[in-house]
Amino acid sequence: MFGAGSAATGIAEQIVTAMVSEGLSEREAKAALWLIDIGGLVHDGRDDLEVISRPYAQPRERISSWNVALLNRITLLEVVKNVRPTILIGLSAQPGAFTEAIVKEMARHAERPIIFPLSNPTSRSEALPDDLLTWTQGRAIVATGSPFPDVPSTITGDAKPRPIGQCNNAYIFPGVGLGVIASGARRVRQEMFLVAARTLAEMSPLLKDPAGPLFPSLAEIRDVSRRVAVAVGAEAQRLGVADSTTQAELERRIKGKMWEPRYARYRAI
C-alpha cells in the first residue's frame, strides 16, 4: 500500500480480517502487508511512525538483508523489487507515483497484477489506466478511485475497449446500512463488512469476462445494494446481534425499507 494514513490502515484492517477468516493468524496476515508512507517503508526500526500505522510495521530483521540505498527510507520501487507483491494499492494522492519502472517490475513476478490507484480526484491518481495496461501488456486488473474512460483495445489487445471499474464505497455502504436497519442489528461487526465485500465480489463481471470491469455497473446499484443488505442482515443474525427471522422475512423487510423514487407530475397553468 502506497500510503499509510487512515484510509490505508482501514483497508489493511479489512484485509487482515479476510485473511484471518481464511485460516491465517493475525500476525501472519499483517506480515503480508507492506505499507509505505512519506518516510518510506513502515518498519519498526523507524522512530517517526504515526500511531495508526505502527501495528503494520514490518520487523527490521525482515529487511536487514535488502540491497537498498537508505534503510530508513526504503522506496516503493525497492519494496516492489524485494517483496514481489501481487497487489498494489495507491492511497497517497501523489499523481504518477506508480511509475513505469515500478509497474513493470511488479508485472515481472505477477501473472495478473492487481493495481488500484485509489486517490482522487482524477488529477491525484497514482497512475492512469491506459499506462498501467500498456506497461503490463493488458494483464493488470485495474480499479480506480476516480472515473476514467474505457481503455482502447489497441492497448489491451482485447476484442473491445476495456471498462475501468471505479472502486467506490457506493457499492457497499448503502447495502450495509439497509441490512442493519432492516434486520434491526444492535451492533455493526467487522464480519458484516466482510460478508458485504464477498457478496459484491460474487457480482464482479470479471468472473465471466477476462476483459470486463472489476465492479458491476452503477446502473445495477439497486440490485447490488439489495443483495449486500440481505447478506449483511443474515450475518447480523448469525452473529447474534439481530433477532433471527426466516430468509423470506428478512428479504421482505429489506424490500419494504428500500426507497423508491417517485416524482410528482406538474402541469403548467
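For the stretch 1-52, with equal point scatterers placed on the C-alpha atoms only and solvent neglected, what are the log10 I(q)/I(0) values from the Debye formula at q = 0.19, 0.24 1/Å, to two decimals? Debye output, listed in q order: -0.64, -0.92.
Residues considered: PRO149, PRO213, PRO95. Largest GNM mean-square fluctuation over the chain, using C-alpha springs under 10 Å, is found at PRO149.
Backbone phi angles across the stretch 156-171, fed through the Karplus curve with coefficients 6.51, -1.76 and 1.60 (θ = phi - 60°), yield HN-Hα couplings of 7, x, 7, 6, 9, x, 9, x, 10, x, 8, 6, 10, 5, 4, 6 Hz in residue order; Gly and Pro are listed as x. In a DSSP loop and with at most 16 other Cβ atoms within 10 Å, the GluC sites (Glu not before Pro) in the stretch 103-133 are GLU111.
Rounded to the nearest 500, what is the chain's calculated 222 nm mean residue ellipticity when only DSSP H runs of at least 4 contribute -39500 (n - 2.57) each, over all residues?
On the way: 10 runs with 102 residues, N = 269.
The helix-only estimate for the chain comes to -11000 deg cm²/dmol at 222 nm.
Taking max minus min of the alpha-carbon positions on each principal axis, the stretch 1-156 gives extents of 46, 36, 29 Å, largest first. Considering only SER65, SER146, SER217, the mean-square fluctuation computed in a Gaussian network model of the chain, springs between alpha carbons under 10 angstrom, is largest for SER65.
Relative contact order of the stretch 168-258, please, whole-number percent, based on alpha carbon pairs below 8 angstrom and at least 6 residues apart. Intermediate results must be reported in sequence, preceding the final value.
Working: 122 pairs, mean separation 38.8, N = 91.
Computed value for the stretch 168-258: 43 percent relative contact order.
Put a plus charge on the Cβ of each Lys and Arg, a minus charge on the Cβ of each Asp and Glu, and nothing anywhere else: the dipole of the stretch 201-269 about its Cα centre is then about 480 debye. Computed over the chain with a Gaussian network model linking Cα atoms closer than 10 Å, the most mobile of ALA69, ALA236, ALA93 is ALA69.
Once you have a ≥ b ≥ c as the square roots of the Cα gyration tensor eigenvalues for the stretch 143-209, tell me rounded if a/c is under 1.5, and otherwise prolate or oblate according to whether a/b is larger than b/c. Don't jump to the answer; show the numbers that get you there.
On the way: a/c = 3.99, a/b = 2.74, b/c = 1.46.
Judged from the Cα gyration tensor, the stretch 143-209 comes out prolate (a/c at least 1.5, a/b above b/c).
Of all stretches in the chain that contain no chymotrypsin sites (Phe, Trp or Tyr not before Pro) in a DSSP loop with at most 15 other Cβ atoms within 10 Å, the longest one is 67-258. Charging the Cβ of each Asp and Glu at -1 and of each Lys and Arg at +1, and nothing else, the dipole of the chain about its Cα centre rounds to 840 debye.
The numbers here are math on the coordinates, done by the rules we state, and not lab data. Treat the numbers as computed from the prediction; the structure is a model and nothing was measured. Ideal geometry is used to build each Cβ from the backbone, glycine not excepted, and the neighbour counts take in all protein chains shown.
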